[in-house]
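The values are calculated or read from the model by the stated rules, or taken from the named source; none is laboratory data. As the structure is a prediction and not an experimental result, all values here were calculated from the model. A quick note on method: Cβ atoms are made from the backbone with ideal geometry, for glycine too, and the neighbour counts reach across all protein chains shown. To get the accessible areas, we keep the full protein, side chains included, count just its heavy atoms, and leave off ligands, DNA and RNA. Shrake-Rupley method; radii C 1.70, N 1.55, O 1.52, S 1.80 Å.
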Amino acid sequence: MPAGTLYRGREGMWSWVAHRVTGVLIFFFLFVHVLDTALVRVSPEAYDEVVATYKTPIVALLEYGLVAAILFHALNGLRVIAVDFWSKGPRYQKQMLWTVVGVWVVLMVGALYPVLGHAVRELFGS
Amino acid sequence: MSDTTLEKSGVGPVEGASLYDADNPAPVIEAPRKRTAKTPRSTRGNFEMAAWLFMRLSGVVLVVLVITHLLIQLVLDGGVSKIGFAFVAGRWASPFWQVWDLLMLWLAMLHGANGLRTVINDYAERPNTRLWLKGLLYTATVFTILLGTLVIFTFDPNIR
Ligand code: HEM
Ligand code: HEM
């Protein structure tokens with residue numbers, strides 16, 4: 001890492017990279033999501049058939065990933081807003097980042113059972 | 001350095017009195033990039049500033065809209081397992097959730113599209129590449145917003 005930089009290679013840069021990557025991922029998901037929801041205008045069968053794939057174990061893992069992306073983007077987005085609008089925001093940006101990471105970890109642990117529980121039951125029997 | 005050189009210098013001797021005072025003020029130096037009568041009118045308006053503000057305002061609203069949506073769809077009442085045509089019919093029977101989904105659709109799409117516009121501006125350097133990527137982005141965005149809106153407004157629980 002080049003010396004004497006306050007930004008490059010440090011937390012602030014990596015949180016920006018993660019914010020950008022998650023934002024782009026969510027956008028692509030949303031595009032597909034509106035398409036699959038549009039199937040309710042085709043027929044109940046067509047819709048139910050596609051939603052059935054949402055309930056498979058592999059897609060459940062993708063959903064867990066989506067939740068991870070949304071939660072990080074949302075929490076870090078609030079941090080960015082605080083840095084921009086709260087007078088002490090820039091001074092506490094690092095503490096706020098670690099708060100974001102902490103809250104994110106807790107929520108991700110909480111989401112484990114609700115999001116992945118059915119996949120585990122399907123794979124290993126109830 | 002003697003005191004006999006240039007009398008009227010802006011820089012006084014370090015510990016001496018300033019050449020200027022209230023009755024004899026220093027000449028005004030204009031701030032750099034200050035807008036004057038000679039500055040050409042900006043042709044861009046405040047679009048970028050509005051976009052910047054929109055990202056923040058929509059972000060705050062989206063936290064509530066999207067996280068509640070995920071809670072309803074993935075966590076409460078059996079998680080994904082309950083989702084199906086009948087479930088959607090039940091939800092869109094209520095104008096409240098119709099408006100909720102409509103707002104979420106428009107805000108998330110516009111927020112995401114504007115975010116992607118920034119990303120394209122950052123990485124696509126050739127003017128032609130930028131033009132095509134943005135054309136694709138705007139087409140996909142308008143299409144998705146219109147389709148999603150149409151689906152909410154024309155939903156028919158008795159399609160069969
Ligand atoms: C895997 C997680 C998700 C599931 C299972 C899911 C499920 C659903 C379902 C069943 C509907 C039908 C209407 C309703 O019940 O409200 C719907 C609509 C919608 N969802 Fe999601 N959703 C998920 C994630 C998301 C995310 C992350 C976003 C936003 C970024 C989102 C945005 C929308 C929008 C805008 C609509 C309305 C679509 C339209 O206008 O046709 N959803 N979702
Ligand atoms: C859940 C609530 C959300 C919050 C609080 C939020 C907040 C923000 C903020 C404040 C920015 C601006 C960052 C900056 O100017 O440096 C941003 C950028 C972005 N957001 Fe969101 N957002 C949310 C949801 C979404 C959704 C649902 C999508 C996708 C449809 C999305 C996609 C993006 C993209 C692509 C960027 C551009 C990233 C970049 O330029 O690096 N965001 N978000």
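Inspect all residues belonging to segment B:97-115 and state whether any of them is farther than 16 Å from A:Asp36 by Cβ and touching a residue at least 60 places away in the same chain (Cβ under 8 Å). Within segment B:97-115 (the criterion being farther than 16 Å from A:Asp36 by Cβ and touching a residue at least 60 places away in the same chain (Cβ under 8 Å)), the answer is yes, since at least one residue qualifies. Just one of (1) open to solvent by less than 70 Å² (accessible area, probe 1.4 Å); (2) over 29 Å from A:Leu123 (Cβ atoms); (3) more than 7 Å from every other protein chain (Cβ to nearest Cβ) fails for A:Tyr7. It is (1). Of the numbered criteria (1) more than 10 Å from ligand 2 (Cβ to nearest atom); (2) surrounded by fewer than 18 Cβ atoms within 10 Å (Cβ to Cβ); (3) under 30 Å from A:Val115 (Cα atoms), the one A:Ser87 fails is (3). So, in segment B:7-40, how many residues would count as being open to solvent by 70 Å² or more (accessible area, probe 1.4 Å) and either at pLDDT 65 or above or on the phi > 0 side of the Ramachandran plot (or both)? Number satisfying all stated conditions: 17. Close contacts from segment B:56-72, counting a first residue that is at the interface with another protein chain (Cβ under 7 Å from one of its Cβ atoms) and a second that is more than 8 Å from ligand 1 (Cβ to nearest atom), with Cβ to Cβ under 6 Å and a gap of 6+ residues or different chains, come to B:Arg56/A:Ile81; B:Gly59/A:Gly77; B:Val63/A:Ala74.
Any residue at all in segment B:88-107 that's within 10 Å of ligand 1 (Cβ to nearest atom), facing another protein chain (nearest Cβ under 9 Å) and of a type in the set (Phe, Trp, Tyr)? Yes, segment B:88-107 contains at least one residue that is within 10 Å of ligand 1 (Cβ to nearest atom), facing another protein chain (nearest Cβ under 9 Å) and of a type in the set (Phe, Trp, Tyr). Does any residue of segment A:64-82 turn out to be aromatic (Phe, Trp, Tyr), closer than 27 Å to B:Thr149 by Cβ, open to solvent by less than 40 Å² (accessible area, probe 1.4 Å) and modelled with pLDDT of 95 or more? No: zero hits. Of all the numbered requirements in (1) of a type outside the set (A, V, I, L, M, F, W, C); (2) part of a helix (DSSP H, G or I); (3) at pLDDT below 95, B:Arg160 misses one, and that requirement is (2).
In segment A:7-27 there is at least one residue matching the filter, namely being touching a residue at least 60 places away in the same chain (Cβ under 8 Å) and more than 18 Å from the chain's Cα centre (by Cα).
Please find, within segment A:34-57, the residue that is nearest to B:Leu105 (Cα to Cα) out of those that are surrounded by 17 or more Cβ atoms within 10 Å (Cβ to Cβ) and within 16 Å of ligand 2 (Cβ to nearest atom). Per the criteria, the residue is A:Val34. For segment B:34-66, a residue qualifies if it is over 20 Å from the mean Cα position of the chain (by Cα) and of a type in the set (A, V, I, L, M, F, W, C), and exactly one does: B:Ala37.
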